[in-house]
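Below is one structure, written out as structure tokens; the observations come after it.
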Amino acid sequence: MSIIRLDLSECPYPPSPKVVKVISDSASTINRYPKMLGGLLPDALTAYTGKSKEQIVIGNGSDDLIELIIKIFTHPNEQILIPIPSFPGYWYAAKNLDKEVIFVNRDNEFGLDIDSILQKITSKVKVIFIANPNNPTANLIPCHILAKLIQQVNCLIVVDECYYEFSQETVADLIDMCPNLIILRSFSKGFGLAGLRLGYAITNAELASRLRNSTQLFGVNTLAQAAAITVLTDLEYYYAQIEQINKDRTNLRRGLEQLGFDVYPSATNFLFVGTEKLNLSSSYLEKSLQNQDIHVKNCGMLPGLDDFYFRTTVGNYKENHILLAKLAKMRVQ
Ligand SMILES: Cc1ncc(COP(=O)(O)O)c(C=O)c1O
């Protein structure tokens, strides 16, 4: 049996036939450098986002843009604030760039504790990273709560909407009113291009220009540009696929709940699962599944969590079925 990878919240399906074709057609041109700054992709994204191309910055995955934002908008001794649990990419990037990180716990349902955040903000805090929906907890903070926070602080707020295609919730309408807001999006999740590395930021023209001026001229490769432009012309295909993943998520949730796990509400392509009720540690569960060639993500080592949480991607029908069967066996041992 080949390895079942449910640990990286990837799309379980290959790209659409149109996207595969354009990648294969473009392959014969890669002796040439890619078009600069994403070529025609920012234009293609204007229709999808409703924002002008001056407000869009393309990066080599949203990971690239996370690092760029920290690099440009913080000086030595300045700080990044992150409500936790959240996506480790933020503090990995901050640590790589020698920036200090402040963690603030989310509330019991993984919502934002706005008062605690406000208490921790000093003039040294320059950027707050909020994944919405959040990874790994999968929940969505309502836009009006984010708006309240964005309008109360002076520092930059990055709202990472990497899972937007699943949640369909965005704070993009606030961009024109809030000069401190940057939104991040990705082609890795709903659009299944994780291996090509493509993300983008949406913000006001001034911040976008500062970001763009610091990106690499050839930072986004030819195949990624061609594939992403074609994804945006093939949205019906992708929306149908996302609908399928959302349906499979409901079935996987039901299966996990029947086995006695706590499954949290999800606006993403993964489920966040509590194991404490079953007295199963998530480190044991991860190892045991790994020994059977199934990879899920133990979240027990993340700041803000203990050893009773894991995250699993919603895989395809067969993968979900095998996962549930293996977990059922583990539970009776
Ligand atoms: C919240 C969040 N932001 C950013 C990323 C990185 O995405 P990309 O593949 O676009 O670098 C991930 C990947 O899992 C994520 O979950």
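Could you tell me which residue of region 1-46 is surrounded by the most Cβ atoms within 10 Å (Cβ to Cβ), considering only residues that are part of a helix (DSSP H, G or I) and at pLDDT below 95?
Residue satisfying both the conditions and the ranking: G38.
The sole residue among D7, D63 that is touching a Gly at 6+ places or on another chain (Cβ under 8 Å) and more than 17 Å from V231 (Cβ to Cβ) is D63.
Taking (1) farther than 29 Å from D307 by Cα; (2) part of a helix (DSSP H, G or I); (3) away from the ligand (no atom under 14 Å from the Cβ) in turn, K95 satisfies each apart from (1).
Of all residues in region 222-249, those that are closer than 19 Å to K318 by Cβ have Cβ atoms under 7 Å from Cβ atoms of residues that are among the hydroxyl-bearing types (S, T, Y), 6 or more apart or on another chain, in Q241/Y13; D248/Y317; R249/S266. Within region 54-69, the set of residues being more than 10 Å from the ligand (Cβ to nearest atom) and surrounded by 22 or more Cβ atoms within 10 Å (Cβ to Cβ) comprises Q55, I56, V57, I58, L68, I69.
Only one entry of I157, I80, I128, I145 meets the criterion of being modelled with pLDDT of 95 or more and not in a strand (DSSP E or B), and that entry is I145.
Please indicate, with yes or no, whether at least one residue in region 46-53 is more than 26 Å from I117 (Cβ to Cβ), away from the ligand (no atom under 16 Å from the Cβ), in contact (Cβ under 8 Å) with a residue 40 or more places away in the chain and in contact with a strand residue (DSSP E or B) (Cβ under 6 Å, 6 or more places away or on another chain). Within region 46-53, one or more residues are more than 26 Å from I117 (Cβ to Cβ), away from the ligand (no atom under 16 Å from the Cβ), in contact (Cβ under 8 Å) with a residue 40 or more places away in the chain and in contact with a strand residue (DSSP E or B) (Cβ under 6 Å, 6 or more places away or on another chain). The residues of region 138-162 that are closer than 19 Å to F73 by Cβ and within 12 Å of the ligand (Cβ to nearest atom), listed by number, are V158, V159, D160, E161. Apart from one condition, F87 fits all of (1) within 16 Å of the ligand (Cβ to nearest atom); (2) in a loop (DSSP other than H, G, I, E, B); (3) more than 22 Å from T268 (Cα to Cα); the exception is (3).
All but one of (1) assigned to a strand (DSSP E or B); (2) surrounded by fewer than 18 Cβ atoms within 10 Å (Cβ to Cβ) hold for L271; which doesn't? Exception for L271: condition (2). For region 298-322, which residues satisfy the criterion of being in contact (Cβ under 8 Å) with a residue 24 or more places away in the chain and crowded, with 22+ Cβ neighbours inside 10 Å? Answer for region 298-322, where residues must be in contact (Cβ under 8 Å) with a residue 24 or more places away in the chain and crowded, with 22+ Cβ neighbours inside 10 Å: C299, Y309, F310, R311, T312, T313, V314, G315, N320. Among the residues examined, R197 qualifies as under 16 Å from the mean Cα position of the chain (by Cα), buried (at least 18 other Cβ atoms within 10 Å of the Cβ) and not acidic (D, E). Hey, does region 13-30 have a residue that's within 25 Å of Y237 (Cα to Cα) and within 16 Å of the ligand (Cβ to nearest atom)? The answer is yes, given that some residue of region 13-30 is within 25 Å of Y237 (Cα to Cα) and within 16 Å of the ligand (Cβ to nearest atom).
Sub-9 Å Cβ pairs linking a first residue in region 111-138 that is surrounded by fewer than 16 Cβ atoms within 10 Å (Cβ to Cβ) to a second residue that is assigned to a helix (DSSP H, G or I) and not hydrophobic (A, V, I, L, M, F, W, C), at least 6 apart or interchain, are L118/Q152, ordered by first then second residue.
When the helices (runs of 4 or more DSSP H) confined to region 163-256 are screened for residues that are away from the ligand (no atom under 15 Å from the Cβ), those reaching at least 1 such residues are found at 205-214, 222-231.
The values are calculated or read from the model by the stated rules, or taken from the named source; none is laboratory data. Quantities reported herein were computed from a predicted structural model and do not represent experimental measurements. Heads up, the Cβs are rebuilt from the backbone with ideal geometry, glycines too, and the neighbour counts pull from every protein chain shown.
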